[in-house]
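A quick write-up on the structure given underneath.
The values are calculated or read from the model by the stated rules, or taken from the named source; none is laboratory data. From a predicted model like this one, the values you see are computed outputs, not experimental measurements. Positions of Cβ are generated from backbone atoms using ideal geometry, with glycine treated the same way; all protein chains shown enter the neighbour counts.
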Amino acid sequence: MPEPTDAAARHIPVLLAEVVEHLRPAPGRRVLDCTLGLGGHSEALLAGGATVHGVDRDAQARALATARLAPFGSRFSVRAGTFADAMEALVREGERFDGVLADLGVSSMQLDDDNRGFSIRSAAQADMRMGDGCPRSALELIDALGQDELADIIYQYGEERLSRRIAAALKRGRTEGRLHTGAELAEEIRRVVPGHHQRHPAGRTFQALRIAVNDELGQLDRLLAALPALLAPGGRAVVISFHSLEDRAVKTDFRDRREAGTYADAARRVITAGAAELSANPRSTPAKLRWAERAGAHP
């Protein structure tokens, strides 16, 4: 089993205090961390006395988190695969949990690994796969899609109004054999997007490609559908999202299920990082937390 690395030590889980507050870890309570990552949230939940079952599609993350959480012994277990596959399997197995956590999006470890190609500065091939269950890299996706299909993905998942211009540039660059790395894709996008920008103009397109490669919104839809069956009466779900498409889906699902009586309560307002966390961890800036509580008596 590998020793925890500097990446695990540096990792700062977002909205940690809020996660602990809403999931209420205690001896005898079972929590599903369906986006285990480097184990920062799970560590706090285990320290609070809970038993935690972690899920991650990334083999490296699973190994590092397992090493980090080894001191908690049999109170921690881990499962490989996407969280949607794992949750649906757990429903079929009849499992119930007092808490379920989903911290969506790409992990800090993956962002910081240049070989993954997530970054607009990456010198590696633009792969963007988070782990298991991703048949095509970002480059393979660009090559496989028609120009209009690619433009639709960039518009829908990146909310990029210049999607057709960007799609045409990416298809042309790939056909000419010029675009391979994340940095090359980003520079091509910068070249065709006019004006000065506070943020790099490739950011929205990179988000869209990553979402498509990893089927992030499809995974989220399946997660939201499985949650009611996985939560014990009185159990809490906490979902942290990082862009408006995710947050909108979570907000709508939690509201509709609260109104239907499936959830006894759900957050009326989104929870975001406070000033101290924003200063210590700028990556918490876009994080939005919402929670819901399953109808029924508290366990």
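Looking across segment 216-239, the residues that are out of contact with any His (no Cβ under 8 Å at 6 or more places or on another chain), over 22 Å from Arg283 (Cα atoms) and surrounded by fewer than 24 Cβ atoms within 10 Å (Cβ to Cβ) come down to Gly218, Gln219, Asp221, Arg222, Leu224, Ala225, Ala226, Pro228, Ala229, Leu230, Ala232. Just one of (1) of a type in the set (D, E, K, R); (2) part of a loop (DSSP other than H, G, I, E, B); (3) touching a strand residue (DSSP E or B) at 6+ places or on another chain (Cβ under 6 Å) fails for Asp98. It is (2). Inspect segment 156-163 for any residue being surrounded by fewer than 21 Cβ atoms within 10 Å (Cβ to Cβ) and either in a helix (DSSP H, G or I) or in contact with a strand residue (DSSP E or B) (Cβ under 6 Å, 6 or more places away or on another chain) (or both) and give the result as yes or no. Taking every residue of segment 156-163 in turn, at least one turns out to be surrounded by fewer than 21 Cβ atoms within 10 Å (Cβ to Cβ) and either in a helix (DSSP H, G or I) or in contact with a strand residue (DSSP E or B) (Cβ under 6 Å, 6 or more places away or on another chain) (or both). Taken over segment 74-127, the criterion of being surrounded by fewer than 16 Cβ atoms within 10 Å (Cβ to Cβ), over 30 Å from Ala26 (Cβ atoms) and among the polar types (S, T, N, Q) is satisfied by Asn115 alone. Going residue by residue through segment 84-92, is there one that turns out to be in contact with a helix residue (DSSP H, G or I) (Cβ under 7 Å, 6 or more places away or on another chain), touching a residue at least 40 places away in the same chain (Cβ under 8 Å) and under 15 Å from Met130 (Cα atoms)? The answer is yes; a qualifying residue exists. Any chance segment 105-123 includes a residue that's assigned to a loop (DSSP other than H, G, I, E, B) and at pLDDT 95 or above? No - not one qualifying residue is present in segment 105-123. The set of residues in segment 240-299 being in contact (Cβ under 8 Å) with a residue 40 or more places away in the chain, crowded, with 20+ Cβ neighbours inside 10 Å and part of a strand (DSSP E or B) consists of Ile240, Ser241, Lys288, Leu289, Arg290, Trp291, Ala292, Glu293, Arg294.
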